[in-house]
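What follows is a set of notes on a single structure, which appears directly below.
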Amino acid sequence: MKFISTRGGEKVTGARAIVTGLSENGGLYVPEKFPQVSVEELGEMLEMSYPERAAKILLKYLDEYDGAELLAACEKAYSKFEGDDPAPLVRLDDGVYMLELWHGPTCAFKDMALTVLPYLLRKGCDICGIKEEILILVATSGDTGKAALEGFKNADGVKIMVFYPSDGVSKMQKLQMCTQEGSNVNVVAVKGNFDDCQTAVKEIFQSAECAVKLKEKGVVLSSANSINFGRLAPQIAYYFSSYLDLVSSEQIAMGEEIDFTVPTGNFGNILAAYYAKQMGLPIRRLHCASNSNKILTDFLETGVYDLHREFYKTTSPSMDILVSSNLERLIFEISGRDYKLTAKRMADMKNDGKYAISAGELEKIRETFDGGYADEDESVEAMYDVFVDVGYTMDTHTGCAMKVAVDWFEKHKKDETKMVIVSTANPYKFPQDVLYAVTGNDVKDSFKGIKRLHAATAMAVPKCLKELRDKPVRFSKTAEAKKLFSEVMEFIG
Ligand SMILES: *Cc1c(COP(=O)(O)O)cnc(C)c1O
């Protein structure tokens, strides 16, 4: 299987796509064609464990990797999750299920891919004959940084450096990163907001001067953010796995179509669902849920992607994003894989902050997708209602998805299609906001929030968050956005 860029250019192997992350012309790598999973194969997968299902899906895209090794890597990755199912499906109501993707080491769905990515990258380097040390640079607004640190800590031949905006992450997220263990990790706060941070990191990637200096040190750069196909591929697996779980538990018949609602930021998670559908998984509709930063809701309504709007800081910070990078992959497919048109649209967005798709293309997208959003009050309401009605607690991001799903049910009362709502973070990751939603109480301190939330819900507190309170802070440096490269050079020594 070869990969092509959404903006044209050379075909590459899956290994190369993962190692480089982004194509040279700035486009995203997509598979040359979607591998298919037949109904027979789905039947065979019913008996498989989660790691076996994941390895099977990965191997369809990454056929130059070794199957047995891939399976061993998936088994190792998902053994780090709490409980015996890394992606359990919880029945909420008749025909409504929560797919919990937050049982991994950092309590957010990013773990589903970032526990596997280190293997995919290391092996990818071997396949491509890359001998240099790999340095992974990550700009994060919260969850990706911690999941990447945890995934790559103490990995052979790899160093990882995470940059976060000094005033753009929650207290819990900051503590998770600054107490990170491992001999090959570094974390630096960057003065300014997430955009300043991301721009500074991108400049290092694009600078020829930096590349030369790194080469002298025997180091090559790589990226762990969600435009890397190595992040996307493991996410496809849980859509298959949850479908199979519904068949196994006789909630649906094999072949019956289902819907998913996905809380969306960078469009990575929901795009994986679309890929699963393209591979033959019986998915009817995908509901794209946003918070007050509802650029995707508007796009799915009008076909115009328009960055000229206010940016809101919300209680679902991992969805506070205006440039949803992975949407480029959907636009590329819908245009009939027209790379010139895709490149033009991305250039329009960069230059004018705006692009539009045709009426025909919008219609095609809407055959599968619809969009909705929850403002701050609406997500609180949705979280509260479910807590009171059925005793289920969800995090703030999942709260937005819940509201969008409920809107759908109200508009389509006779719709019998089963709905899976994707739950992306453990509620204890945002303890104060979740506590407020379910009890109306405000507390000033995160650990107090955890204690009160536990008292209110009796839900188990994950060890990795409880421990944070007593862990020594290892990283406390703040740097100017312009000086990040000297931090990098100091780190690699
Ligand atoms: C990253 C994240 C999202 C958004 O996922 P995308 O793949 O960026 O669309 C939603 N919820 C949580 C908790 C996240 O960490």
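The values are calculated or read from the model by the stated rules, or taken from the named source; none is laboratory data. Keep in mind it's a predicted model, so treat the numbers as computed, not measured. Cβ coordinates were reconstructed from backbone atoms using ideal geometry, including for glycine residues, and neighbour counts include every protein chain displayed. The accessibility values were calculated without ligands, DNA or RNA, using every heavy atom of the protein model including side chains. Shrake-Rupley method; radii C 1.70, N 1.55, O 1.52, S 1.80 Å.
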How big is the chain by Rg and Dmax over its Cα atoms, in Å?
-> 21.4, 65
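Run the numbers on the chain and let me know its relative contact order in percent, using alpha-carbon pairs under 8 Å that are six or more apart.
Working: 915 pairs, mean separation 89.3, N = 493.
Reported relative contact order: 18 percent.
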Contour minus Cα-Cα span, LYS33 to ALA253, at 0.36 nm per residue, comes to 76.4 nm
Say each of SER183 and GLU310 gets a label point 7 Å from the Cα, pointing the same way as Cα to Cβ; how far apart are those two points in nm?
-> 5.2
In the neighborhood of THR417, defined by Cβ-to-Cβ distances under 11 Å, what is the net charge if each Lys or Arg adds +1 and each Asp or Glu adds -1?
-> -1
According to the square roots a ≥ b ≥ c of the eigenvalues of the Cα gyration tensor, what is the shape class of the stretch 68-168, taking rounded for a/c under 1.5, prolate for a/b larger than b/c otherwise, and oblate for the remainder?
-> oblate
Length gained when the stretch ASP93-GLU209 is fully extended (0.36 nm per residue, less Cα-Cα span) | 36.0 nm
So, in nm, how far is label ASP167 from label ALA460 when the simple model puts each one 7 Å beyond its Cα toward the Cβ?
-> 4.0
Which percent, to the nearest 5, of DSSP beta bridges fully inside the stretch 266-384 are antiparallel?
-> 40
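Taking every DSSP beta bridge that has both residues in the chain, what percent is antiparallel when rounded to the nearest 5? Kindly include the intermediate steps, with their values, before the conclusion.
On the way: 13 of 50 bridges.
Antiparallel bridges: around 25 percent, rounded to the nearest 5.
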GluC sites (Glu not before Pro) in the stretch 191-298 lying in a DSSP loop, each with at most 15 other Cβ atoms within 10 Å of its Cβ, come to GLU250, GLU256, GLU257
Amide H contacts under 5 Å for ALA479, placed H, 5+ residues apart = ALA189, VAL190, LYS191
Can you give the calculated 222 nm mean residue ellipticity of the chain, where each DSSP H run of n ≥ 4 adds -39,500 (n - 2.57) and the sum is split over every residue, rounded to the nearest 500 deg cm²/dmol?
-> -14000 deg cm²/dmol
Hey, any idea what % of the chain's accessible area is carbon plus sulfur with a 1.4 Å probe?
-> 49
Solvent-accessible area per residue for the chain (1.4 angstrom probe, square angstrom) | 41
Here the residues of the stretch 103-125 lying in the modelled label zone of ASP156, meaning backbone nitrogen under 18 Å from a point 7 Å along Cα-to-Cβ, are 116-125
Sorted by chain and number, the residues with a modelled amide H under 5 Å from that of LYS159, at a separation of 5 or more or across chains, are ILE134, LEU135, ILE136
Set of lysines with alpha-carbon distance to LYS340 below 29 Å, sequence-local pairs under 8 removed | LYS2, LYS11, LYS33, LYS60, LYS202, LYS277, LYS294, LYS350, LYS354, LYS364
